[in-house]
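Worksheet for the structure shown next.
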């Protein structure tokens, strides 16, 4: 390749060439050798042309194979993209459904919190009223200590007789006055 460049340069500038005594150019002593034209014969030209054509045909066949492979890959990629698009669409619908469900649940939860707060307040009111009622009821409770317990005794009658002795004018109202009578703890006949 370097030789061919040098040969082209010499053809353009023949004045710089060394010549011998006869005036012919001396290719061996010249710093820039003139190109030596290579004469091609018809057989050489056909061989190089056939080789060149074979290489071109081979390159074209390789390109066709590559294009077929590229076409197949493109089909596969197109199918993959279509499947991905369907999956994305399905997922977006599912996400939207989840968002709608979440919104409904948030509304229900807000309602349940409100209801819970109301019920808690009512429960606390009922507890307060029950405590007040118990306290008020206990004001009218009477605890009697020191009564001897007997087997199969009528505790109500025993307490009614005691109250009649203490307050004889309550005798007619005894059913109204005595609401409930019970003994505290287990029956113990040995205990006064």
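Observations
- Test: residue 165 is modelled with pLDDT of 85 or more and exposed (fewer than 10 other Cβ atoms within 10 Å of the Cβ): yes
- Filtered by the rule that a residue be out of contact with any helix residue (DSSP H, G or I) (no Cβ under 9 Å at 6 or more places or on another chain) and surrounded by 10 or more Cβ atoms within 10 Å (Cβ to Cβ), segment 135-146 gives a lone residue, 137.
- Residue match in segment 34-50 (condition: in contact with a helix residue (DSSP H, G or I) (Cβ under 6 Å, 6 or more places away or on another chain) and at pLDDT below 90): yes
- If you check 132, 149, 153 for being surrounded by 10 or more Cβ atoms within 10 Å (Cβ to Cβ), modelled with pLDDT of 85 or more and on the phi < 0 side of the Ramachandran plot, only one passes: 132.
The values are calculated or read from the model by the stated rules, or taken from the named source; none is laboratory data. Note that the structure is a prediction, hence the values are computed from the model and not measured. Here the Cβ is made from the backbone with ideal geometry for all residues, glycine too, and neighbour counts use every protein chain on show.
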